[in-house]
1. Near residue A:239, within a Cβ-to-Cβ distance under 13 Å, what is the net charge of the other residues, with Lys and Arg +1 and Asp and Glu -1?
2. Taking only the alpha carbons of segment A:2-206, what extent do you get along each of the three principal axes, in Å, biggest first?
3. Could you give the distance between the Cα centres of segment A:142-195 and segment A:13-80, to the whole Å?
4. Which order do peptides A:42-53, C:13-24 fall in by mean Cβ count within 10 Å, highest first?
5. Towards the positive end of the charge dipole of segment B:35-356, with charges on Cβ (+1 Lys, Arg; -1 Asp, Glu), say which of B:219, B:44, B:303 has the farthest Cα.
6. Evaluate the Kirkwood expression for the hydrodynamic radius of segment B:35-356, namely the inverse of the mean inverse distance over all pairs of different C-alpha atoms, and round to one decimal in Å.
7. If I measure Cβ to Cβ between cysteines in chain A, which ones have no partner under 4.7 Å?
8. For the pairing of chain A with chain B, what total accessible surface becomes buried, with a 1.4 angstrom probe, in square angstrom to the nearest 100?
Amino acid sequence: MYGILVDVTRCTGCEKCVDACIKANNSNYEKAQIDSVAARDGLSANRLSSIIKLENGHFARKSCMHCLEPSCVSACLVGSLTKTPEGAVVYDPSKCIGCRYCMLACPFHIPRYEWDSTHPYVMKCAMCIDRIQDGKLPACVEACPEQAMIFGHRDELLKKARRRIAANPEKYINHVWGEREFGGTAVMYISDVDLGKLDWPKVPASAIPELTEPLISKTPVIAMSVMGGILSINWIIGRRMKLAAERRSQAENLEPEVKKDQDDEQ
Amino acid sequence: MSSKLRIIKDILWFFAFLALIAGIFRLWYGLGPTTALSDEMPWGLWKVMNMIAGVAISTSGFTIGFLVYVLKMERFRPLVKPAILIAFLGYGSSCLALLFDIGLPHRFWHPLVMWNEHSFLFEVFWCVMLYFTVTTIELSPTILKRFGAEKLSHWLHRIAFGVVVVGITLSSLHHSSLGSLFLVTPLRLHALWYSAWLPLFFIISAMAAGLMFIIFVRIAYARLYDPDPIYGLRMDSGIKSNGSEFFATPQMKNLALLGAIASSILGIYLILKFVDLARAGELMLLFNGSWESWLFMFELFVAALLPIILTVIPRVRRSPAGLGTAAFLASFGLVLNRMNVGIFGYFHDTAQPYFPSLAEWGLSLGVIAAAALVFMFISEQFPIFDESWRRRMEKSDVFTYAFDKLSHVWNTVLMSGLQRVTLIAVLAIPLAWLLFYPPFKADDTTDGRIKPAIGLDQTRTVLLIDGNRDGVKTEFPHVDHQNRLGKEQSCQKCHHIAMPRDNATPCYRCHSNMLDSAEIFDHFGHMQLVAEKEKLDGLHPKNHSCSNCHNPALPNTASDAKACTECHKEDMKLGNEPYARLQLASASPYRSAMHENCIECHKKEEIKQNKPNLAHCSTCHKSLEPVNLKIAKSADTIKALPEPLTLAR
Amino acid sequence: MEAWIDFAKGPLFAVTFLIMILGLARLLIIQLYNLIISKGGRLKNAPWKSILKDAATWFFPVKHLIKGTVIFSAFSFLFHIGVIIVPVFLADHIVLWENFLGANLPAIGQGLADFLTLFTIGCILVLLFMRIFVRRQRAMSKPMDYFLLVMVLFPFLSGYLASHPGSNPFTWESMMLVHLLSAEFLFVLIPFTKLAHIVLYFFDRISGLHWQLRPGAGDRVAKALFDEEARV
């Protein structure tokens, strides 16, 4: 399980990672330039990562966080999005039907859509899964001149982050963003400023699939109980009506029509 | 056909044609140009209003089925067929709109074979699909009987109860799952609407509003088709002239009972809503005065409180107008609720509010209109509303021979409406073109700042641009600028600081002052120079050099950079300009052009008026100090000061 | 003004042209439908020969030129030549066709275009004059006929003035706007008035009287009923 650790204190905002990302994903460079100002956070179908300006001249890279329990993966109805053993959340365009539920489900607003295309797909960072499988670093990590991003096994990165914070406790905020938020993410941040601008929750939130999983796993039970309930209600009512009819035929002096009208009056 | 009915049908046809064109444009141009959807609001009108609200309002198929088949309330039997028809068309139209909404409509079948059982959307897809099949099976005996397939329809009748049970189960699953869809947005959806109880709210409100909707449809249908109060519903107020006695027909009484059932469900819904808010400790959100809180209260008022109040009063409940109003309000409230959960509840999280494009409205309303037309057609041709249909059959023989021969069917259906419908098409389609055609819309978004100067130069080397954003267009020799600034590579010099929806740098960025560089600051050259000069080490020395000129705490624009003179103190002296030394030769053409314009004339006037200093530098420039060199005196001040010039002589 | 011209040149032109095309298509569909429904089986036995002959007679009205309303027929025939050629083949309009339809048509020369335009304007004025002052023409004219003639006059007149700034007492922009709007109004009028004969002409021959009566039968009836000169 790999991950990326972003040290916000080291980022100079040079956008080398963004350029490398555009190149690695074969995106349209000119469209990406336009989108960099058009979108609020600079992300678009042509620009899968961006640099967000924080306060006090700080910068942070924004892209897919590759959650450990990804909301998008649980949301996609055709299983177009999957979490690979390497830790990346990847998208399979051959399955996608374009419902855009993943875009709604992502707590970080990451998946983007090719709105201008007549054959549109969802676009998102795949942590350069091809490069990782070839033994190379993700394009953005490789391009960073400041080594603001480091790539490695998530556990080791977490230890490294703790070590950095411990070595410089007055500089860093004592928090690793992504350690526990939304059930933990593969891309983690350490910083000396608040990262609310990157859509990190103010209070650590649980993984989003945990909100839906308990409910959806009960679907067969609910279906069965609803069906059982209907049948038993129907049986009880049928039996009661039958008994009532028998009783009525014994009495034989009550017109069923009149009875019905009396019911109506209520 | 009454004229009122005909006008209503004409309007419905009109919207249906609008939808046709909107749909074609959607398929031809893609989602981006036709809709107002964006990465921030990936779900819009089509999904929320047509799919989620449309499905919810068609619940009557299962609620009436439950009342009649399971609870054996035979008095509602006449409503079963209309309820099934509503469900069939509601689900059908929702799926049709959804086909236009999803990005790759030809892959709509993918969830059949590609499963992700962890997804609520997957569950919704399967349930909706299966339930649509169920409604088709439930509806088919009515249709098949007319075509003489007695055996098949009899067989279908026999499995009716089983089908109804399956239908109720599927409905209870997917109506709650539609609410569960929004469980994944705990941080994005406004806290007033987000709740762990969303699935419960969705199914309860859908049940109530579904019943209310069929009441509304029944009353509206009676008003349009059966003005006769003896058989259908009483269309007058239901009160005798002396105001003391009710004359509600048995059918009306049944509907009133149904309304009471629906509003009691609404009452449970209303209580649960407040219990939920209290449970989450969010009751105070209701009174914080935000527009969301007002919307929330309005929604509950219209969707629940007002219909409950109306149906509690027996006199209102038993009058068609009163019950109809209550039913309409509840149905409208349900749609509003779904729009709140699906659209308005997200506005606090987005940069700009989403407003559906005209094409989105057109397709949305048009699909609903088409469903209404099909509803009217089926209810006219088949025994859906039993009594009124039978009565119509007795009245005229048009419908009896309509199915004798195929030609006659087309004759009655087409001939009566062909002329009107085609006329509506001729009017609606061009209007739709005008409103929805994406290239027309694209012109609006660029504000028409740039236009090819047709008539001046057909090869479009000359553009008409509103470069300074002052509404005045000037001829702009684009190719000429391109050639001077360095061919294709030079595009970014003007276009890279383009603002959203803007096409290029305003002219004044370069041409603000006649001695300013007529070129965008040469970043790359400066970075290289500074890096060489400072002998910066590290991996990429160029990147360190930003802070040499820019304040790192500010957004790195021209305004927070060092003034040029801070480094170029020597260069700024006359005859020692950086462009002369570095041979950038950028500003010189512009400078000389301006100088020529002024100086040549000044020289002439110098002789004419005998004012020897008129062409002197100091006439226009305050001084020759580098700081002041830029600031030329304005022409007005020169004119106002003739005296010093003559004195100098 | 400039924005209005752009609007009239772009979206409004496309939309009104679409109304014309769809409206005419609608008329054709209804005519065809009626024809098949009413005469379906008998279409094979239609008097094609006399239909074609009659269509040709009206196309090249030699017969009408020789007898009866000579001047009126001649001018209305000449009028149709200009009214078809100028709007379609004028060099400035070719650009419009290219922009909207992608069609590349040959253009007529400026001199010919000017001549034809003036000629058409003249024809319209003559026809208008005759419909007002000649007894027979006045008798068979309805208010709509005057209105349509004037409406056809507008685009020709404004178009000529717009393209000849020397003889134009108004500004180019205002003339251009009048030209565009009046032409577009004409587009809308075509499918809903008798101007629809630009497509219905042929249908009228097929579905008209010629099923029962020989061409020119009306003349004979009139001759028998009234005086020799009368036309129906």
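The values are calculated or read from the model by the stated rules, or taken from the named source; none is laboratory data. Note that the structure is predicted; figures quoted are calculated from it, not measured. When we count neighbours, we look across all protein chains shown, and the Cβ atoms used for this are built from the backbone with ideal geometry, even at glycine. Ligands, DNA and RNA are excluded from the accessible area calculation, which covers all protein heavy atoms including side chains. Shrake-Rupley method; radii C 1.70, N 1.55, O 1.52, S 1.80 Å.
1. Surrounding charge for residue A:239 is +3.
2. 52, 35, 34
3. 19
4. Descending packing order for the listed peptides: A:42-53, C:13-24.
5. B:219
6. 20.8
7. Flagged as lacking a Cys partner: A:11, A:14, A:21, A:67, A:76, A:96, A:99, A:106, A:128, A:144.
8. Interface area, both chains combined: 5900 Å², rounded to the nearest 100.
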